[in-house]
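Peer 1: Input: one structure, supplied below.
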Amino acid sequence: MPKDGGQVSHGNSFYLVVQNGKAVKYYDGYSEEDKGVPYDTIAIDLETLIKEGPRD
């Protein structure tokens with residue numbers, strides 16, 4: 001919590017990051033559209049990355 005009691009600002013993006021710290025995919029974390037945030041796509045991509053194993 002900020003010392004002055006103000007609001008905290010933060011981004012609304014997600015990145016899929018591999019073990020060496022490299023971001024391999026970007027996801028928009030905000031959407032006003034019916035489809036919304038792509039949680040299913042994020043989960044599938046994460047499962048795929050886990051199955052593929054570590055990257056250089």
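Peer 1: Taking GLU52 and the conditions (1) open to solvent by less than 100 Å² (accessible area, probe 1.4 Å); (2) out of contact with any strand residue (DSSP E or B) (no Cβ under 8 Å at 6 or more places or on another chain), which numbered condition does it fall short on, given that it satisfies the others?
Peer 2: Result: GLU52 fails condition (1) only.
Peer 1: Output the residues belonging to region 1-50 that are of a type in the set (A, V, I, L, M) and within 13 Å of the chain's Cα centre (by Cα).
Peer 2: LEU16, VAL17, VAL18, ALA23, VAL24, VAL37, ILE42, ALA43, ILE44, LEU46 - these are the residues of region 1-50 that are of a type in the set (A, V, I, L, M) and within 13 Å of the chain's Cα centre (by Cα).
Peer 1: Cβ-Cβ distance below 7 Å, separation of 6 or more or different chains: which pairs start in region 29-56 with a residue that is in contact (Cβ under 8 Å) with a residue 24 or more places away in the chain and end on one that is of a type in the set (Lys, Arg) and open to solvent by less than 100 Å² (accessible area, probe 1.4 Å)?
Peer 2: If the second residue must be of a type in the set (Lys, Arg) and open to solvent by less than 100 Å² (accessible area, probe 1.4 Å), the pairs left are ASP45/LYS25.
Peer 1: State which residue is nearest to THR48 (Cα to Cα) when the search covers only region 1-31 and only residues that are among the basic types (Lys, Arg) and part of a loop (DSSP other than H, G, I, E, B).
Peer 2: Per the criteria, the residue is LYS22.
Peer 1: Where residues in region 15-37 are among the hydroxyl-bearing types (Ser, Thr, Tyr) and touching a strand residue (DSSP E or B) at 6+ places or on another chain (Cβ under 7 Å), which of them is least open to solvent (accessible area, probe 1.4 Å)?
Peer 2: Looking only at region 15-37, we keep the residues that are among the hydroxyl-bearing types (Ser, Thr, Tyr), and these are 15, 26-27, 30-31.
Next, from what is left, pick out any that are touching a strand residue (DSSP E or B) at 6+ places or on another chain (Cβ under 7 Å): 15, 26-27.
Working: TYR15: 134, TYR26: 119, TYR27: 11 Å².
Here the residue is TYR27.
The values are calculated or read from the model by the stated rules, or taken from the named source; none is laboratory data. Please read all numbers here as calculations on a predicted model, not as lab measurements. Cβ sites come from the backbone with ideal geometry, for glycine too, and all protein chains shown count toward neighbours. Note: accessible area is taken over every heavy atom of the protein model, side chains too, but ligands, DNA and RNA are not part of it. Shrake-Rupley method; radii C 1.70, N 1.55, O 1.52, S 1.80 Å.
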